[in-house]
Amino acid sequence: QERLRSQGEDHGREMSWVTSLGRYARKSARRSWSRSLPVREFAASSLRDDPVADMAAGPMNMFQAVNNALDIALSSNDKSMIFGEDVAFGGVFRCSMGLREKFGSERVFNTPLSEQGIVGFAIGMASVGYTPIVEIQFADYIFPAFDQIVNEAAKYRYRTSSTWHCGNLTIRMPCGAVGHGGLYHSQSPEAFFTHCPGINVVVPRGPVQAKGLLLSAIRCPDPTLFFEPKILYRQAVEEVPFRDYEIPLGQAEVLRIGTDVTMIGWGNQVHRLIDAAEMAEKDGISCEVIDLQSLAPWDEECVLASVQKTGRCVIAHEAPRTSGFGAEIAATIQDRCFLQLEAPVQRVCGWDTPFPLVWEPFYLPTPLRVYDAVCKVMKF
């Protein structure tokens, strides 16, 4: 009995520790992502060709900006339509809310729970002149449709010598960490698709970019995968123009000008880079922060110009380190900027493990981990 009572006390302490860790993880997640985004307070150079300058705007979070972009796309193109799992009533993140009522059930409709079928159907519609905008409920669910995307959509134009194509196809999907998603609702699978010629890969960092990039993706003559960091759907708020506008695909944006270290990211990771840059500034280190926005194609010239100036580079993304897209950027920098580099290119990424649940704060490339990499390249 004494032994059983002792084991019970040990088990109680263990469960108390796990519960405390869970509370810490949730609080840490809220602290990391509850901050509102700055309202277009970026480096002057990034606004040189700003497509949203001088437009009437109002506050929107990211899911509202996506909804607004979808509304404009359906209004401006009679052949455009939205379909996917549960999109008819607004989707699990409410991005298509109200669109079925406005445009009808023939243009906004639910599908069976079959990602392969959803994407295959969309490819067929795009190939005969329609503009399908597909929603995959979570980016983690995209893998059943991998063959349709990589072997059909990406190669359609090439194999028919441009006689046929499915360039009007857009596939939207929520991606990335959310604070409680675990291994099946937190992944960032963008690198799987950047390896495949023939498709665009886009990841916005906030509402303004989500609207402009999504409209560009929908109207682009190539199939586009549009990854939306779901933690930003409600947390990110900006002054978003009401009018129709586009942000060019393949064009990075310099958010912060610096002279000592170039920091590169996309999606929600950009905000962690900005936090890390502010930490480094207190130590007298000047960091330049670049949001790629598009991974395929990606803005090599912008990145290379920055690294040639600073001589140091830190790349960060939530996806696992091995074969992540950061490796492609690092290889290009070391090929094109080798003589200008003052230190090896550093990558700060998710670990090479399945995405954890209570251990999420230790998995993510936090501002502190990025700051450590900045210090490392400065001391090299």
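The values are calculated or read from the model by the stated rules, or taken from the named source; none is laboratory data. Because the structure is a prediction, the values reported are computed rather than measured. Glycine also receives a Cβ, built like all others from the backbone with ideal geometry; neighbour counts cover every protein chain displayed. All accessible areas refer to the heavy atoms of the entire protein, side chains included, with ligands and DNA or RNA removed. Shrake-Rupley method; radii C 1.70, N 1.55, O 1.52, S 1.80 Å.
When you scan region 273-282, do you find a residue that is in contact with a helix residue (DSSP H, G or I) (Cβ under 8 Å, 6 or more places away or on another chain), closer than 30 Å to Pro356 by Cα and of a type outside the set (A, V, I, L, M), even just one?
Yes, because at least one residue in region 273-282 is in contact with a helix residue (DSSP H, G or I) (Cβ under 8 Å, 6 or more places away or on another chain), closer than 30 Å to Pro356 by Cα and of a type outside the set (A, V, I, L, M).
I'd like to know if region 273-288 contains one or more residues that are out of contact with any Cys (no Cβ under 9 Å at 6 or more places or on another chain), farther than 20 Å from Phe93 by Cβ, polar (S, T, N, Q) and at pLDDT 95 or above.
yes
Could you list all residues from region 200-225 that are within 10 Å of Ala296 (Cβ to Cβ) and either of a type in the set (S, T, N, Q) or open to solvent by 10 Å² or more (accessible area, probe 1.4 Å) (or both)?
Asn200, Asp222, Thr224
Does Arg312 meet the test of being touching a helix residue (DSSP H, G or I) at 6+ places or on another chain (Cβ under 9 Å), under 27 Å from Ile231 (Cα atoms), modelled with pLDDT of 95 or more and basic (Lys, Arg)?
Values: touching a helix residue (DSSP H, G or I) at 6+ places or on another chain (Cβ under 9 Å): yes; under 27 Å from Ile231 (Cα atoms): no; modelled with pLDDT of 95 or more: yes; basic (Lys, Arg): yes.
Against the criterion (touching a helix residue (DSSP H, G or I) at 6+ places or on another chain (Cβ under 9 Å), under 27 Å from Ile231 (Cα atoms), modelled with pLDDT of 95 or more and basic (Lys, Arg)), Arg312 does not qualify.
Can you pull out every residue in region 253-267 that is assigned to a loop (DSSP other than H, G, I, E, B) and open to solvent by 10 Å² or more (accessible area, probe 1.4 Å)? Before you say what the answer is, go through the steps one by one.
Our first condition is that a residue be assigned to a loop (DSSP other than H, G, I, E, B); within region 253-267, this holds for 257-260, 266-267.
Ile257, Thr259, Asp260, Trp266 - these are the residues of region 253-267 that are assigned to a loop (DSSP other than H, G, I, E, B) and open to solvent by 10 Å² or more (accessible area, probe 1.4 Å).
I'm trying to understand the selection: among the residues of region 178-203, which are under 14 Å from the mean Cα position of the chain (by Cα) and of a type in the set (A, V, I, L, M, F, W, C)?
Residues satisfying the conditions are Val178, Ala191, Phe192, Phe193, Val201, Val202, Val203.
List pairs: first residue in region 192-212 and touching a residue at least 40 places away in the same chain (Cβ under 8 Å), second residue among the basic types (Lys, Arg) anywhere in the structure, Cβ distance under 9 angstrom, at least six positions apart or on different chains.
Cβ pairs passing all conditions: Cys196/Lys155; Pro197/Lys155; Gly198/Lys155; Gly198/Arg157; Pro204/Lys211; Val208/Arg40.
Residues that are open to solvent by 10 Å² or more (accessible area, probe 1.4 Å), among the aromatic types (Phe, Trp, Tyr) and within 19 Å of Gln346 (Cβ to Cβ): does region 229-252 have at least one?
No.
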